[in-house]
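Report on one structure; see the data block that follows.
The values are calculated or read from the model by the stated rules, or taken from the named source; none is laboratory data. Not measured: the values here are computed from a predicted model. Methodologically, a virtual Cβ is constructed for each residue, glycine included, from the backbone with ideal geometry; neighbour enumeration extends over all protein chains shown.
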């Protein structure tokens, strides 16, 4: 994904590429042991989120890859998000906002728990 951004026609404007690599944790937020999870994605909403945040000042490109509709084990990659832009203040804010928008409105997670 970084190589793709480096081939972008406006790459010369970039001062930062910031990457998020979400992975399956061994425990849920409430502390229960997780054996894995599945993710479903609303791709229409994902396109909308990406297009919305690409319009923010200084942003050159946003790329997202989500491992959807398959069982993921602890340690597997869930989501890769890459944001390229001019200065760190713009890029960090957009990565954070894009990530939060994807997690709240685009994806649904089903966790599978270890037997007690």
All positions within region 12-25 that are over 16 Å from the mean Cα position of the chain (by Cα) and either under 21 Å from residue 96 (Cβ atoms) or surrounded by 14 or more Cβ atoms within 10 Å (Cβ to Cβ) (or both) = 13, 14, 15, 16
Would region 80-91 turn up any residue that is surrounded by 16 or more Cβ atoms within 10 Å (Cβ to Cβ), at negative phi, more than 15 Å from the chain's Cα centre (by Cα) and without any contact (Cβ under 8 Å) to a residue 40 or more places away in the chain?
-> yes
Provide a single number: the residues in region 29-65 that are within 21 Å of residue 85 (Cβ to Cβ) and either within 15 Å of the chain's Cα centre (by Cα) or surrounded by fewer than 18 Cβ atoms within 10 Å (Cβ to Cβ) (or both).
-> 17
For region 97-116, pairs from a residue that is more than 19 Å from residue 28 (Cβ to Cβ) to a residue that is loosely packed, with under 13 Cβ neighbours inside 10 Å and at pLDDT 95 or above, with Cβ under 9 Å and 6 or more apart or across chains, are 106/43
Would you please list the contacts, defined by Cβ atoms under 7 Å and residues six or more apart or on different chains, that run from a residue in region 1-17 that is touching a residue at least 24 places away in the same chain (Cβ under 8 Å) and on the phi < 0 side of the Ramachandran plot to a residue that is assigned to a loop (DSSP other than H, G, I, E, B) and surrounded by 14 or more Cβ atoms within 10 Å (Cβ to Cβ)?
-> 13/86; 14/86; 15/86
